[in-house]
Each structure stands twice: as structure tokens, then as C-alpha cells.
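Heads up, the thing below is written out as C-alpha cells.
The values are calculated or read from the model by the stated rules, or taken from the named source; none is laboratory data. Please read all numbers here as calculations on a predicted model, not as lab measurements. Heads up, the Cβs are rebuilt from the backbone with ideal geometry, glycines too, and the neighbour counts pull from every protein chain shown.
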Amino acid sequence: MLTKFEQIANCLAHPTPACLTQPVILAACAGAFVLAVLLAVPFGWRMAVRDGHASRRTFRKLARAAIDIVLTCAVVIVAFHYVRPDTLGGVERVPAWRILWQATIYALAIGGLVSGAAAGFGLGRLGARLSGAASRLGRLGVVIAIDGPAASGKGTLAKRIAEHYRVPCLDTGLLYRAVARDVLRAGRELSDTAAAIACARALNPATFDDPALRGASAGEAASVVARIPGVRAALLDYQRNFAQSPRGAVLDGRDIGTVVCPDAPVKIYVTATAEERARRRHGELEKRGENVRFEDVLDDIQRRDARDTGREVAPLWPAKDAVQLDTTHMTIDEAFKAALDIIEKRLAGATPPPAG
Ligand code: CDP
């Protein structure tokens, strides 16, 4: 008398028509199916949370593969039963039939496992969506535009929002800071239009993590090259390509809602009084070990505000459909919650864009 395990092993090694009717084999198949479902659930969940749209494509591919395999096998098995009923008994004896039968059964087993995986993946995806863990942003592939004056907290907000929705984030100020750095490194003046445009065209994103870009002087220098129309034009494609990520994206800067992504469905204009912004920036710079006077930071901020709002191309100005967020009396956490509230309402279509 064979043990259950031996029966399963035998059928795995030599699948015969009789195998399909043995309860232990049917139970083993059901067990393998359930296991495939359970193993695929976390993948579906994680991918829906991380990649939004891409998870739907993966689910469809899995489901289609499962249907293709199972349907093909079903056709072959039905043919065995109805078209040539006599062959079923003779499967063992005729090598060609035996090979065809065994190949069909193995394919059926694979098809069953793939459908289990598809079912599990779909369940994981559904769970992530229903629980709210899957980013609505990722599913919609939406761009969030965050603009505002220097040190208004937009960079910190943008990063937290991007982390929350698990979408990529671009601090566009870094691009202008990097152009200014490259111009100075090339030994040219910041006002040298041709040199600045050449540097903007040759910009290397791999250098954006240069700590020198974060300093106070880099911000000041950036606002000088940012006035040059050719520099802005040269940086536009890079920013727009970034915004086209199928998962959605968060971009922060001065002209995201007005020029770079005028169609972004969510636009937030972050403000705070100049004194409060100077206080925050002063604290940041002190933490970085830069020894600067508060009055100088305030001066720098006011000078940059004037330059950014007064320039001819892409001046700093809230887009007509932007929601303004004044963070003067808010902590970072409070500002983050307020921003999430704005985003969720916009995504749900609850607040129509404010008129002009
Ligand atoms: O962090 P902070 O707000 O001080 O500055 P930033 O965002 O790094 O930007 C530095 C400078 O780049 C700004 O003062 C602007 O003149 C310029 N900029 C711009 O013109 N357009 C953008 N989208 C981003 C920055």
C-alpha cells in the first residue's frame, strides 16, 4: 500500500489519466493552489503600494498567461476524452500519446499555479487599495506641483509628500544651483549668459547630491542664473520628463504650477512671512555648521524674493488654480497634514479649483 506522499510523487513523475481522479492528488493540487495564492498576496500588496499603475499590468499579464495555459490544456484533455475516447486507455501504451498527455498535465499544473499566483496578486492589490495603503497618486499617475518663495518649507513638504505616496520627488532648485556652481567652476561670471546656458545644457544630474549645492551662497547664485531665459528653457525638458513618471511625481520650485506642469491637477503654493522663513533658514544653516547672521539670512531671502518675483520669465507667482498654504504658524507636521488634506480633496474631486 502506497503512502499518500508516494502516491503524489508517483503521479508527479508519471502523470496518468487515473491520477486526475485520486482524492489525494486533487487535495494536493488544491493545497498547491492555495499556497500559490498566499505567496502572491504580499507581492500584489507591495507592488500596488509602490508602483500603482504597473501593478495592474502585472496582474493582467499573470491572469492572461493563466487563462492561455489552462484553456489550451483543457482543449487537449477534452480532445482525449471526446474526439478519441479510445486513446485515453491507451495513453500508457502509445509513447506519442503518453508524451502528449504528460506534457498537458504538467502544463495544466503550471497553469493552475499561475492562476493561483494571479488570484493572490489580485487579492493583495485589492487589499492595498481598499485599505488605502496603495497610493492614490501612484494609481492616478498624478503630478503634484509645489511652489513658493525661499525657505518657505516647500522642499521639506515635497519630500514628505513624495515619501507618503511613494512617488519620485524633484527639487528643481537644485538644477539652478548646479548650473550656477558649474558656471563658477568654469571660471565665468554668473551674468555670462552664454556660459550659463552652456552649463544648463550640459548639466549632469549625477552631481545633484553635491553638499555644496545646499549652502546659502549657492541659493543666491542660483537666483542669478535663474533669470536667464535660455537657462530656464534648457532645464525645462529634464523637469517635464521627470514629471511624466507613470507613477506620478512631486516637483517643487518656483514655476512648477505655472510653467513646468501647468496641467498638474494638484498645485500648492507654500508661503510664510519673510522673518519666519529667515528664522528657519538660519537654523538650517547653523545646523550645517555655516556661521551666518540672522540679519544677513533675512536680507538674502528678501533679495531673492524680489529677484524671483520681479524677473521677466517664469516669475515666482501662484498659479491661478493653486491652493495657498501659509505655514508661518505651523510646525512641519501640521503643514504636512494640511498639504495632505489639500491633495486628498483635490484627488477626490471634492474641491473645484478656485476661480481666477
Ligand atoms: O530652497 P530655497 O527655496 O531657498 O531655494 P531653491 O528652491 O533651491 O532655489 C534656488 C533658486 O533657484 C531660487 O531662488 C530661484 O531663483 C531658482 N529657482 C527657479 O527659478 N525656479 C525653480 N523652479 C526653482 C528654483
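Descriptive notes on the structure:
- Selection status of R281, of a type in the set (D, E, K, R), part of a loop (DSSP other than H, G, I, E, B), within 12 Å of the ligand (Cβ to nearest atom) and over 15 Å from D147 (Cβ atoms): no
- Residue pairs whose Cβ atoms lie under 6 Å apart, separated by 6 or more positions or on different chains, with the first residue in region 301-312 and in contact (Cβ under 8 Å) with a residue 12 or more places away in the chain and farther than 18 Å from S191 by Cα and the second outside any loop (DSSP other than H, G, I, E, B) and more than 10 Å from the ligand (Cβ to nearest atom), are I301/A274; I301/A278; Q302/A274.
- Selection of region 258-292 for residues being of a type in the set (S, T, N, Q) and under 30 Å from L236 (Cβ atoms) yields T258, T271.
For (1) surrounded by 19 or more Cβ atoms within 10 Å (Cβ to Cβ); (2) at positive phi; (3) in contact with a Leu (Cβ under 7 Å, 6 or more places away or on another chain); (4) charged (D, E, K, R), each residue gets a yes or a no:
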| residue | (1), (2), (3), (4) |
| --- | --- |
| P15 | yes, no, no, no |
| L20 | no, no, no, no |
| V24 | no, no, no, no |
| P42 | no, no, no, no |
| R46 | no, no, no, yes |
| K61 | no, no, no, yes |
| I69 | yes, no, no, no |
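- Exactly one residue among A243, A180, A196, A249 is modelled with pLDDT of 95 or more and farther than 18 Å from A150 by Cβ, and that residue is A196.
- Residue, surrounded by the fewest Cβ atoms within 10 Å (Cβ to Cβ), within region 144-174, restricted to residues that are part of a helix (DSSP H, G or I) and near the ligand (Cβ under 7 Å from one of its atoms): G155
To keep it simple, each residue is scored yes or no on (1) outside any helix (DSSP H, G or I); (2) farther than 30 Å from G230 by Cα.
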| position | (1), (2) |
| --- | --- |
| K267 | yes, no |
| E295 | no, yes |
| D299 | no, no |
| R307 | no, no |
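- When K287 is tested against the conditions (1) in contact with a helix residue (DSSP H, G or I) (Cβ under 6 Å, 6 or more places away or on another chain); (2) surrounded by fewer than 19 Cβ atoms within 10 Å (Cβ to Cβ), the lone failure is (1).
- Answer from A200, A180, A195 - the residue that is in contact with a Cys (Cβ under 9 Å, 6 or more places away or on another chain), more than 27 Å from I332 (Cβ to Cβ) and part of a helix (DSSP H, G or I): A180
- So R177, is it buried (at least 21 other Cβ atoms within 10 Å of the Cβ), within 13 Å of the ligand (Cβ to nearest atom) and under 19 Å from D308 (Cα atoms): yes
- Selection from region 290-307 of residues that are over 30 Å from D321 (Cβ atoms) and either crowded, with 17+ Cβ neighbours inside 10 Å or basic (K, R) (or both): R293, V297, L298, D300
- Residue in region 217-276 that is surrounded by the most Cβ atoms within 10 Å (Cβ to Cβ), counting only those that are within 13 Å of the ligand (Cβ to nearest atom) and of a type in the set (S, T, N, Q): S223
- Restricting region 309-337 to residues that are within 16 Å of the ligand (Cβ to nearest atom) and in a helix (DSSP H, G or I), the residue that is farthest from E276 (Cα to Cα) is G310.
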